[in-house]
Amino acid sequence: MSELTLAEGELWGPLRTRTQARIGLGRAGSGLPTRHRLELQAAHAAARDAVHSPFEPDRVAAGLPGLPTVRVRSEAGDRLTYLQRPDLGRRLDATDRAHLPVGEWDVVFVVADGLSSRAVHEHAARVVTETVTRLPGWRIAPVVLAEQARVALGDAVAAAMGATTVVVLIGERPGMSAADSLGAYLAYRPVPGVTTDAHRNCLSNIRPPLGLTYEAAAGKLAALMGRARELGATGVGLKDESDTLPVR
């Protein structure tokens, strides 16, 4: 049995069933075997497509029956600017800000394209709807669909709308094993320009069946939101104890 066949069949094969990481790929001469090289190129192409594919807010809104939506943009006017100027992706367009509904909301969900519109199109609506069903009695603002947006844009949205809590569902940076991973970022009483990542809680890799399921993500989010209400804070002081914490 050759070295390559031994590595793939007897040692690495069983391990590959437990991870999506590229392990034990072997070699062909001084390079990768052709099959693995082609898989790597395909994954790279999928990641590039995820970053550059346009956001389709109508597609997300269609998955949110019964939930009103409003659309906003960041100050990044196009995709190239968004990628080159992360700071502009954190700032809410002034015209769109003026059209946001203002109220006494307990939470606003912001669905943002981020670095993978594919992840948002495939997963965001289900996470929102599953979470909302776990929040009886909460005053829920219209869902905000944000284009060319970074996580911190949610701070500006919450401040403009008068929402106590913001949940930003955003396409995560594609990797070479996943181009459709959705992240959820939770912040309590965010302040634009002041709130940092240390003040947020994050759920990552929402993408069933290979990542976190919609139901699990919604359960964790709802429990964290309830606990944030009690503590009056999110971030490093708020731990995920969703297996034991009730929603309040």
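Some notes on this structure:
- Options 47, 28, 62: the member that is within 22 Å of residue 157 (Cβ to Cβ) and either open to solvent by less than 60 Å² (accessible area, probe 1.4 Å) or modelled with pLDDT of 75 or more (or both): 62
- Apart from one condition, residue 125 fits all of (1) touching a strand residue (DSSP E or B) at 6+ places or on another chain (Cβ under 7 Å); (2) of a type in the set (A, V, I, L, M, F, W, C); (3) more than 25 Å from residue 198 (Cα to Cα); the exception is (1).
- Output for region 61-93, where each listed residue is assigned to a helix (DSSP H, G or I) and within 26 Å of residue 126 (Cβ to Cβ): 61, 62, 79, 82, 89
- For region 96-123, residues that are touching a Ser or Thr at 6+ places or on another chain (Cβ under 8 Å), closer than 24 Å to residue 86 by Cβ and charged (D, E, K, R) total 1.
- Selection from region 94-119 of residues that are assigned to a helix (DSSP H, G or I) and aromatic (Phe, Trp, Tyr): none
- The residue of region 72-87 that is least open to solvent (accessible area, probe 1.4 Å), among those that are over 19 Å from residue 185 (Cα atoms), of a type outside the set (Ser, Thr, Tyr) and touching a residue at least 60 places away in the same chain (Cβ under 8 Å), is 76.
- When 74, 116 are checked against the criterion of being of a type in the set (S, T, N, Q) and closer than 21 Å to residue 156 by Cβ, a single residue qualifies: 74.
- Any hit, region 108-125, residues being of a type in the set (Lys, Arg) and at pLDDT below 95: yes
- Any chance residue 126 is closer than 28 Å to residue 209 by Cα, among the basic types (Lys, Arg) and in contact with a Ser or Thr (Cβ under 8 Å, 6 or more places away or on another chain): no
- For region 112-123, the count of residues that are free of Cβ contacts under 8 Å to residues at least 60 places away in the same chain, basic (Lys, Arg) and within 26 Å of residue 175 (Cα to Cα) is zero.
- Odd one out for residue 37, checked against (1) assigned to a loop (DSSP other than H, G, I, E, B); (2) modelled with pLDDT under 75; (3) open to solvent by 100 Å² or more (accessible area, probe 1.4 Å): (1)
The values are calculated or read from the model by the stated rules, or taken from the named source; none is laboratory data. As the structure is a prediction and not an experimental result, all values here were calculated from the model. FYI the Cβ positions are ideal-geometry reconstructions off the backbone, even for glycines, and counts take in every protein chain you see. For accessibility, only protein heavy atoms count, side chains too; no ligands or nucleic acids. Shrake-Rupley method; radii C 1.70, N 1.55, O 1.52, S 1.80 Å.
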